[in-house]
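Visitor: The structure is given below, and queries will be raised subsequently.
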Amino acid sequence: MNSTSYAFCIQSSADTRKRLKKQRSKFVDRTHRLIRSCLLSIAAFAIILGASFLLINQPAAEGSAPLQTILVQPGDTLWSLAADYSSGMDPREWVNETMRINHLSSSTIQAGFHLQIHAHVSN
């Protein structure tokens, strides 16, 4: 092997190392960008989830009555309770609000069920 070939091999080796280092650097940059994107996505998801949790669990608006719990008696329906507890409010609104507060999917209730209602109503 003559000196020109040896110099070419050394130069070629150095070029290969530079190219590999550059490729590795690009790979590391892409990996860092991917990790950063994932972390930002997770943070955004956590913020949205936290905000929705706060919105769902908001306390009653100022001026609205606090909740009280009543025990459903045999023969009670949401409509009969609305007649007793809605205090001038439209019974349909009272039933809908009571269903929302208690996470009910229908207006059917059973005796022994503890029902949350607004306390501003009179018995």
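What follows is calculated from the coordinates using simple rules that are stated; it is not laboratory data. Every value quoted in this text rests on a predicted model; they were computed, and no experiment measured them. Cβ: placed from backbone, ideal geometry, glycine included. Neighbour counts: every protein chain shown.
Visitor: Give me, ordered by chain and number, the residues 5 or more places off L67 or on other chains with an amide H under 5 Å from its own placed amide H.
Guide: A119
Visitor: Neighbour counts of other C-beta atoms within 10 Å: give me W94, W79 arranged from fewest to most.
Guide: Ranked by crowding around the Cβ, least crowded first: W79, W94.
Visitor: Also, I was wondering about something else. For Cα pairs less than 8 Å apart in space and 6+ apart in sequence, what is the mean separation divided by the residue count of the range 67-118, i.e. the relative contact order in percent?
Guide: Rounded, it is 62 percent for the range 67-118.
Visitor: So, one more: If the range 67-118 were replaced by its equivalent ellipsoid, with semi-axes equal to the square roots of 5 times the Cα gyration tensor eigenvalues, what would those be, largest first, whole Å? Before the final figure, lay out the partial values.
Guide: On the way: eigenvalues 45, 28, 23 Å².
Semi-axes (√(5λ), whole Å): 15, 12, 11.
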